[in-house]
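In what follows, a single structure is set out as structure tokens and then discussed.
The values are calculated or read from the model by the stated rules, or taken from the named source; none is laboratory data. Please read these numbers as outputs of a predicted model, since none were measured by experiment. As a convention, Cβ positions derive from the backbone with ideal geometry for all residues, glycine included, and neighbour counts pool all protein chains shown. We work out accessible area using only protein heavy atoms, side chains counted, and drop any ligands, DNA or RNA first. Shrake-Rupley method; radii C 1.70, N 1.55, O 1.52, S 1.80 Å.
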Amino acid sequence: MKRVSPLLLVLLVLGSFFATYNLLTMIIHSKTSSEEWDDPFLMPQNLNEFGGSKSKYHVAVTATDAPYIQWQCRIMYYWYKKVRDMPGSEMGKFTRILHSGKPDSLMEEIPTFVVDPLPEGLDRGYIVLNRPWAFVQWLEKATIDEEYVLMAEPDHIFVNPLPNLARGKSPAGFPFFYIKPSDHETVIRKYYPEEKGSLMDIDPIGNSPVIIRKSVLEEISPTWMNISLRMKDDPATDKAFGWVLEMYAYAVASALHDVRHILREDFMLQPPWDEKIGKKFILHYTYGCDYNLKGELTYGKIGEWRFDKRSHLSEPIPRNLSLPPPGVPESVVRLVQMVNEATANIPNWDTL
């Protein structure tokens, strides 16, 4: 055989390289354009790495017009605006879903969608029961540009830019240590019969924080609402679940629709139990923070220094709160600092 010239060999290698590159590019484009990632653990860490343009999520928080909820929403919205456009964030628009049935004084300050509350008496004094009904109405009536939704709560503060943690049809949720379906098998089986599967298929979550594809939430929400009402109407279930009843209802509804969540412990921190912020994304200040002047936690006993949102039920939390004493964990210090920054910069904080 005649010797092949070096130039021809180079051309053959280059041609093979470009053919392989184009084939791989076509496969990747085809894969990501559908976004049907069935295995969340095989997905890219960021859909935008593959040119995805629909990974932004809409931030949605349900609320009443009570002063206690209003001041929390104002602080939350302030920090949403601060982190929305930071590197690493995939936040889209923001909506406060107001389930009081009528506009309130924050309509001009916070993007708001007004929905109806449940008929009088149906919530039996459990106001959270309005949450799934609010989402059902919002999803049916509102124009939502983003493909994903973050279900959040008024007492959430964004401490780091939050990417879209969901992957395709698999939502992302925060695992709560106190949501234990296997501890309530007799009760759970009233709503999730054995033929549906194991109790292990029910994720240890509530509806918030959860980032979920909008179309999946549209499927789950009516079931979530109906199960919440059924659970509240059953004395044994109501007694077993108490204030987390609606959380169990969301977890069961998701399982009934064969929806499993990617459990992300870094989704949220909850002071005073979580002491470090690190790379976590949402600070949830639902627990009271009580300390003595030595910086020692006195949980269950009112401390010499304290931060507790429930101390401010009828009026806005004061501006310029005192910082905790030395020795108090970073998470509590940051919480007070972030509340102080928000209240110092939100117009008409004391008067609106």
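Tell me, yes or no, whether segment 187-196 has at least one residue that is among the basic types (Lys, Arg) and without any contact (Cβ under 8 Å) to a residue 12 or more places away in the chain. Steps first, answer last, please.
Pass one, segment 187-196, residues among the basic types (Lys, Arg): 189-190, 196.
Of the ones still in play, those that are also without any contact (Cβ under 8 Å) to a residue 12 or more places away in the chain are 189.
Within segment 187-196, one or more residues are among the basic types (Lys, Arg) and without any contact (Cβ under 8 Å) to a residue 12 or more places away in the chain.
Basic (Lys, Arg), modelled with pLDDT of 95 or more, touching a helix residue (DSSP H, G or I) at 6+ places or on another chain (Cβ under 9 Å) and more than 30 Å from Ile227 (Cβ to Cβ) - does that describe any residue in segment 125-133?
No, segment 125-133 has no match at all.
Quick one: in segment 53-99, which of the residues that are among the basic types (Lys, Arg), in contact with a strand residue (DSSP E or B) (Cβ under 7 Å, 6 or more places away or on another chain) and without any contact (Cβ under 8 Å) to a residue 40 or more places away in the chain is surrounded by the most Cβ atoms within 10 Å (Cβ to Cβ)? Full working, then the answer.
Our first condition is that a residue be among the basic types (Lys, Arg); within segment 53-99, this holds for 54, 56, 74, 81-82, 84, 93, 96.
Subsequent filtering for residues that are in contact with a strand residue (DSSP E or B) (Cβ under 7 Å, 6 or more places away or on another chain) retains 56, 84, 93, 96.
From what is left, the residues that are without any contact (Cβ under 8 Å) to a residue 40 or more places away in the chain are 84, 96.
Numbers: Arg84: 17, Arg96: 27.
Among them, the one singled out is Arg96.
Give all pairs with beta carbons closer than 8 Å in which a residue from segment 136-154 that is of a type in the set (Lys, Arg) meets a residue that is assigned to a strand (DSSP E or B); count only pairs at least 6 apart in sequence or on separate chains.
So the pair list comes out as Lys141/Phe113.
As an exercise: evaluate Arg74 against (1) within 25 Å of Ile317 (Cα to Cα); (2) modelled with pLDDT under 95 and give the number of the one condition it does not meet.
(2)
Looking only at segment 111-145, how many residues end up being open to solvent by less than 60 Å² (accessible area, probe 1.4 Å) and either in a strand (DSSP E or B) or at negative phi (or both)?
First pass over segment 111-145, keeping only residues open to solvent by less than 60 Å² (accessible area, probe 1.4 Å): 111-115, 117-118, 121, 123, 126, 128-132, 134-139, 142, 144.
Subsequent filtering for residues that are either in a strand (DSSP E or B) or at negative phi (or both) retains 111-115, 117-118, 123, 126, 128-132, 134-139, 142, 144.
Total meeting the criteria: 22.
Tally up the residues in segment 342-352 that are under 23 Å from the mean Cα position of the chain (by Cα) and open to solvent by 60 Å² or more (accessible area, probe 1.4 Å), please.
Here the count works out to 0.
Can you find a residue in segment 270-277 that is over 26 Å from Ile188 (Cα atoms), in contact with a Phe, Trp or Tyr (Cβ under 9 Å, 6 or more places away or on another chain) and basic (Lys, Arg)? Lay out the reasoning, then the answer.
Our first condition is that a residue be over 26 Å from Ile188 (Cα atoms); within segment 270-277, this holds for 270-277.
Next, only the ones that are in contact with a Phe, Trp or Tyr (Cβ under 9 Å, 6 or more places away or on another chain) stay: 270-273.
Cutting the leftovers down to basic (Lys, Arg) gives us none.
Checked segment 270-277: no residue is over 26 Å from Ile188 (Cα atoms), in contact with a Phe, Trp or Tyr (Cβ under 9 Å, 6 or more places away or on another chain) and basic (Lys, Arg).
Quick one: would you say Gly278 is assigned to a loop (DSSP other than H, G, I, E, B) and buried (at least 20 other Cβ atoms within 10 Å of the Cβ)?
Working: assigned to a loop (DSSP other than H, G, I, E, B): yes; buried (at least 20 other Cβ atoms within 10 Å of the Cβ): no.
It is false that Gly278 is assigned to a loop (DSSP other than H, G, I, E, B) and buried (at least 20 other Cβ atoms within 10 Å of the Cβ).
Filter segment 158-185 down to the residues that are closer than 23 Å to Leu229 by Cα, in contact (Cβ under 8 Å) with a residue 24 or more places away in the chain and of a type in the set (Ser, Thr, Tyr) and list them by number.
Result: Tyr178, single match.
Which residues, taken from segment 210-235, are of a type in the set (Gly, Ala, Ser) and touching a helix residue (DSSP H, G or I) at 6+ places or on another chain (Cβ under 6 Å)? Break it down stepwise before answering.
Filtering segment 210-235 for residues of a type in the set (Gly, Ala, Ser) gives 215, 221, 228.
Once the filter is applied, which keeps residues that are of a type in the set (Gly, Ala, Ser) and touching a helix residue (DSSP H, G or I) at 6+ places or on another chain (Cβ under 6 Å), segment 210-235 yields Ser221, Ser228.
So is Val328 in a helix (DSSP H, G or I), touching a strand residue (DSSP E or B) at 6+ places or on another chain (Cβ under 9 Å) and surrounded by 13 or more Cβ atoms within 10 Å (Cβ to Cβ) or not? Reasoning before the result, please.
Values: in a helix (DSSP H, G or I): no; touching a strand residue (DSSP E or B) at 6+ places or on another chain (Cβ under 9 Å): yes; surrounded by 13 or more Cβ atoms within 10 Å (Cβ to Cβ): yes.
Judged against the criteria, Val328 is not a match.
List the pairs whose first member sits in segment 281-294 and is in contact (Cβ under 8 Å) with a residue 24 or more places away in the chain and under 14 Å from Asn160 (Cβ atoms), whose second member is hydroxyl-bearing (Ser, Thr, Tyr) and open to solvent by less than 30 Å² (accessible area, probe 1.4 Å), and whose Cβ atoms are under 8 Å apart, counting only residues at least 6 apart or on separate chains?
Matching pairs, first to second residue: Leu283/Ser331.
What's the number of the only condition in (1) touching a Pro at 6+ places or on another chain (Cβ under 9 Å); (2) assigned to a helix (DSSP H, G or I); (3) of a type outside the set (Phe, Trp, Tyr) that Asp290 fails to meet?
Evaluating Asp290 over (1) touching a Pro at 6+ places or on another chain (Cβ under 9 Å); (2) assigned to a helix (DSSP H, G or I); (3) of a type outside the set (Phe, Trp, Tyr) leaves (2) as the failure.
Which is loosely packed, with under 15 Cβ neighbours inside 10 Å, touching a residue at least 12 places away in the same chain (Cβ under 8 Å) and part of a helix (DSSP H, G or I), of Arg306, Arg319, Arg310, Arg334? Give the derivation first.
Working: Arg306 fails: part of a helix (DSSP H, G or I); Arg319 fails: part of a helix (DSSP H, G or I); Arg334 fails: loosely packed, with under 15 Cβ neighbours inside 10 Å.
Going through Arg306, Arg319, Arg310, Arg334 in turn, just one is loosely packed, with under 15 Cβ neighbours inside 10 Å, touching a residue at least 12 places away in the same chain (Cβ under 8 Å) and part of a helix (DSSP H, G or I): Arg310.
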